[in-house]
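*Asks:* Okay, handing you the structure first.
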Amino acid sequence: MPYADGFDLQVIAGKGDLGDNFKRRHDKLRITEIFCSLQGEGRDAGIPTTFVRLTGCPLRCTYCDTTYAFHGGHWQTLDDILEACHSNQALYVCVTGGEPLAQPNTARLVTRLCDEHFEVSVETAGALDIRPIDTRASRVVDIKTPASGEVHRNRLDNMHALTPHDQVKFVICSRDDYEWACKQLAALELPIGCRVWFSPAADALDPVWLADWMVADRVPARLQLQLHKQLWGDQPGR
């Protein structure tokens, strides 16, 4: 499976042959950016947060707004990443991407962040196993709708690993997507406390329409608007 800059996910996971090159990176992650901003989504929206954006993603969603994280980046040790998080002096840390679960050392980073008493969330596209991620973190799992172009990548057995601390997100592009998401939600047996978000895809669905549909159907989910986009648009690092 292709990874950033021609790397292969099996190689990054240690299943391929990188020899000494891989050994030098056993305690590192490939990072696109680390910055402090307001959390724009989910239960922690509005809180100053350090974002650790990892490089690379095996998915290509039609509405992706972080395509700049597909390639490039630079290797950083877990110690350096922890130091950057402490330097930002924000209690909350969001590990995102790209797809952070595509890099196996993400699990180690999340555990270390939790050990150092950060409030941690991990945003994942839902195509990879979430179980290696420390359950002290809030795992925000995306369920891909048909219009994403990646609905076939949903790993629905992740739903059985969710805790009340976790969150589920549907990005809605159309009425068809909305009706599909409602059917999926009705079939899920989520733990009490696990929050569900319906978010309109930017430039694809008018948020007012989604809000009206949710009210009319009494959907047991929360409407999510991206606060950071309302404030700063699509500026990287905001």
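The values are calculated or read from the model by the stated rules, or taken from the named source; none is laboratory data. All of these numbers come straight from a predicted model, not from anything done at the bench. Reconstructed Cβ throughout: ideal geometry from the backbone, glycine too, with neighbour counts over all protein chains shown.
*Asks:* Out of segment 141-155, which residues are on the phi < 0 side of the Ramachandran plot and among the small types (Gly, Ala, Ser)?
*Replies:* Answer for segment 141-155, where residues must be on the phi < 0 side of the Ramachandran plot and among the small types (Gly, Ala, Ser): 147, 148.
*Asks:* Okay, moving on. Going through segment 26-80 one residue at a time, which ones are small (Gly, Ala, Ser) and crowded, with 18+ Cβ neighbours inside 10 Å?
*Replies:* Once the filter is applied, which keeps residues that are small (Gly, Ala, Ser) and crowded, with 18+ Cβ neighbours inside 10 Å, segment 26-80 yields 37, 40, 42, 56, 69, 73.
*Asks:* Test each condition in (1) more than 23 Å from residue 62 (Cβ to Cβ); (2) among the acidic types (Asp, Glu); (3) under 20 Å from the mean Cα position of the chain (by Cα) for residue 142 and report the one that comes out false.
*Replies:* The single condition residue 142 does not satisfy is (1).
*Asks:* When segment 173-200 is examined, which residues are found to be surrounded by fewer than 18 Cβ atoms within 10 Å (Cβ to Cβ) and among the basic types (Lys, Arg)?
*Replies:* Answer for segment 173-200, where residues must be surrounded by fewer than 18 Cβ atoms within 10 Å (Cβ to Cβ) and among the basic types (Lys, Arg): 175, 183.
*Asks:* Restricting to segment 86-106, name every residue that is surrounded by fewer than 24 Cβ atoms within 10 Å (Cβ to Cβ), under 25 Å from residue 72 (Cβ atoms) and touching a strand residue (DSSP E or B) at 6+ places or on another chain (Cβ under 8 Å).
*Replies:* Within segment 86-106, 88, 90, 96, 105, 106 meet the criteria.
*Asks:* Mind checking whether some residue in segment 201-217 is of a type in the set (Val, Ile, Thr), at pLDDT 95 or above and surrounded by 12 or more Cβ atoms within 10 Å (Cβ to Cβ)?
*Replies:* Scanning segment 201-217, I find no residue that is of a type in the set (Val, Ile, Thr), at pLDDT 95 or above and surrounded by 12 or more Cβ atoms within 10 Å (Cβ to Cβ), so the answer is no.
*Asks:* Now a separate question. Looking only at segment 107-119, which residues are part of a helix (DSSP H, G or I) and surrounded by fewer than 22 Cβ atoms within 10 Å (Cβ to Cβ)?
*Replies:* Correct list: 107, 108, 111, 112, 114, 115.
*Asks:* Can I ask one more? So which residues in segment 69-85 are outside any helix (DSSP H, G or I), out of contact with any strand residue (DSSP E or B) (no Cβ under 8 Å at 6 or more places or on another chain) and either modelled with pLDDT of 95 or more or aromatic (Phe, Trp, Tyr) (or both)?
*Replies:* 70
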